[in-house]
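Some notes on the structure that comes next.
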């Protein structure tokens, strides 16, 4: 440029940077490529003045190209002098520094941004030397570490800030970063002012130009609040997990599995508690598996119910029975999320069994109310018992304890099994008859392992019996009937099962007793009619015989009256019992009561024996005649005499002989009568024959002895 600032020379570099050609610029002032602001401020003139004054003028500013765009340039202006050293113009050198300026601006902006990030970050960001000494800490880090002046901790070994395991973890993380890796740990460290905190720490290398670590970056995030929450959650989780694991109710969390059409076809278990596994028999590791995988035969309605819970959002309550476990559950399901639900399983097997048994007892009572046949009563009871308890066989049978047999006329048999009606010998199926004889129930859970039945297990299996329950029916101490309940598979007999069978047995026996009582009443009516006829005939016979053998009327009257009184007492005795039988002891005491003037006058000794009505009347009259004769001539005629009446049974069964002895002692010396009176004939031929008895009368001097021998069957006759 000349001294006025007009262009005199314009090189190719100027054309490239500014856009004007040399021809376009020759003679034009340099202000053309300065901004309007710089032109207004005469920046070009000031540069020329500085060049003249100091020999050089420099600046950095925005300039303008021909197309109007701006660029940042580094400018330098120097004076051009003639040979005499006088200024004759200027040389202007421009260097385009736009990219460098933009890069520097970006770098400065980035640095400012990073400074603001570091200042605002709540993380404690530190730079360490390779030995772990602190060389830098961010503003945010100083705040969270409660450091007011970084110079207070500059150069301090960073691992020394950590306590316990945290110190070892910090040393290990630093070593990992120095080796080019990444170290990470969580630990506790106090702030500069001593506030305890928990930190999540990541340590990474800062690489140099050679790619090797030259510094270490440590970023520590305050997780104190998180740790506190985690501890609270852990405590809460432990408490709830304890409840979840310890609760007796089964719990499951699951999700629906749908087919391509969107229909729910299965469920997948997400979580189950131990109680669910224990109640249902499914494995404790069911989580992740599907219901149909574990229970292929699960009814579709169960899946549909769960699906309805999810689709409507309304809780569902339903019952499900698991035949394989013989358990019933009440299920309460509710929706959790889009396709997930939870369900609580409450076992109600006991309650359902109680309801079923209660309904069965009601049904039994209703069905037995008007039944008049004992066989039909037994059949109905067996059916209700078998169906309710899921038995293979059930029923009632008459027992012959002497033959050790049971006759099952009509029992109940489950579908598909063979009927076991007929005569069975107890010892063909085990060795427990003695318990039944004693009136004790027999409960066997597994006939194959129980010592009472193991030897005969095959015979029991042949009639579909692997577990059995027998309840004996006792009458007057004798085992006369049996209620039986058996199952085809081994299994424990619950107390409520036993109680149910006992209730059925009691209800059945009551119904049978009602029929027997009605039949007995009819029999009694006939018996009373028959008895009255026999009584009148016997009175007529006694009266005739008494009158015929009496010496005078007064004697006849007294004898007849006493005989009729004895007859009446025996009749009263029978009316006080069952009319058909009475204990032998009671018959004897009633007949002799009129002669008992002191407690030891009569001695009775013998086993329990029941006698029928016909034998009771005859024995009463025979004993009356013996006592009357003893009062006149024998042991009852003085104060010292006494009579012993003893009896015994020789053997078992209906034909076993019963021997009864009348033995007098302590009375006057006995002399055999020269002729047999009516009383003697009544004893020896008339009365004893009524019960197939034989009489032997002997008269030793010490006292009369009368021996009566009759079969048990004859004594029991009515």
Residues within the stretch 357-372 that are loosely packed, with under 15 Cβ neighbours inside 10 Å and in contact (Cβ under 8 Å) with a residue 12 or more places away in the chain, tallied: 2
Boolean, residue 40 is surrounded by 13 or more Cβ atoms within 10 Å (Cβ to Cβ), more than 60 Å from the chain's Cα centre (by Cα) and either free of Cβ contacts under 8 Å to residues at least 40 places away in the same chain or assigned by TED's automatic domain parsing to the domain that holds residue 145 (or both): no
Residues within the stretch 385-407 that are assigned to a strand (DSSP E or B) and either without any contact (Cβ under 8 Å) to a residue 24 or more places away in the chain or buried (at least 21 other Cβ atoms within 10 Å of the Cβ) (or both), tallied: 10
Among the residues listed as 499, 428, the single one being farther than 30 Å from residue 350 by Cα, surrounded by fewer than 21 Cβ atoms within 10 Å (Cβ to Cβ), assigned by TED's automatic domain parsing to the domain that holds residue 381 and at pLDDT below 95: 428
Residues of the stretch 77-98 satisfying the condition of being free of Cβ contacts under 8 Å to residues at least 40 places away in the same chain, surrounded by 16 or more Cβ atoms within 10 Å (Cβ to Cβ) and farther than 14 Å from residue 55 by Cα: 97
Residues that are touching a strand residue (DSSP E or B) at 6+ places or on another chain (Cβ under 9 Å) and either free of Cβ contacts under 8 Å to residues at least 24 places away in the same chain or more than 21 Å from residue 24 (Cα to Cα) (or both), drawn from the stretch 60-72: 60, 61, 62, 72
In the stretch 217-240, the residues that are in a loop (DSSP other than H, G, I, E, B) and either at pLDDT below 85 or not assigned by TED's automatic domain parsing to the domain that holds residue 134 (or both): none
Filter result for residue 214 (at pLDDT below 90 and either under 24 Å from residue 172 (Cβ atoms) or outside any helix (DSSP H, G or I) (or both)): no
Residue in the stretch 45-57 that is in a strand (DSSP E or B) and exposed (fewer than 15 other Cβ atoms within 10 Å of the Cβ) present: no
Index of the failed condition, residue 456 passing every other in (1) at pLDDT 90 or above; (2) exposed (fewer than 15 other Cβ atoms within 10 Å of the Cβ); (3) touching a helix residue (DSSP H, G or I) at 6+ places or on another chain (Cβ under 9 Å): (2)
Residue match in the stretch 565-581 (condition: modelled with pLDDT of 70 or more, in the same structural domain as residue 649 (by TED's automatic domain parsing) and under 18 Å from residue 706 (Cβ atoms)): no
Exclusive hit being surrounded by fewer than 19 Cβ atoms within 10 Å (Cβ to Cβ), within 29 Å of residue 418 (Cα to Cα) and either touching a strand residue (DSSP E or B) at 6+ places or on another chain (Cβ under 9 Å) or in contact (Cβ under 8 Å) with a residue 24 or more places away in the chain (or both), set 350, 375, 313: 375
Residue list for the stretch 323-335, filter: crowded, with 16+ Cβ neighbours inside 10 Å and in contact (Cβ under 8 Å) with a residue 40 or more places away in the chain: 327, 329
Filtered residues of the stretch 132-186 (kept if in contact with a helix residue (DSSP H, G or I) (Cβ under 7 Å, 6 or more places away or on another chain) and at positive phi): 132
Unique residue being in contact (Cβ under 8 Å) with a residue 40 or more places away in the chain and farther than 30 Å from residue 343 by Cβ when the list is 174, 207: 174
Selection count where residues are modelled with pLDDT under 85 and surrounded by 19 or more Cβ atoms within 10 Å (Cβ to Cβ), scope the stretch 691-714: 3
Filter result (free of Cβ contacts under 8 Å to residues at least 60 places away in the same chain, in a strand (DSSP E or B) and either over 17 Å from residue 697 (Cα atoms) or within 60 Å of the chain's Cα centre (by Cα) (or both)) within the stretch 624-657: 642, 648, 657
Filtered residues of the stretch 459-493 (kept if modelled with pLDDT of 90 or more, in a loop (DSSP other than H, G, I, E, B) and surrounded by fewer than 13 Cβ atoms within 10 Å (Cβ to Cβ)): 489, 492
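The values are calculated or read from the model by the stated rules, or taken from the named source; none is laboratory data. Since we're looking at a predicted model, the values are computed, not measured. Neighbour counts are summed over all protein chains in view; Cβ atoms, including those assigned to glycine, are modelled from backbone coordinates with ideal geometry.
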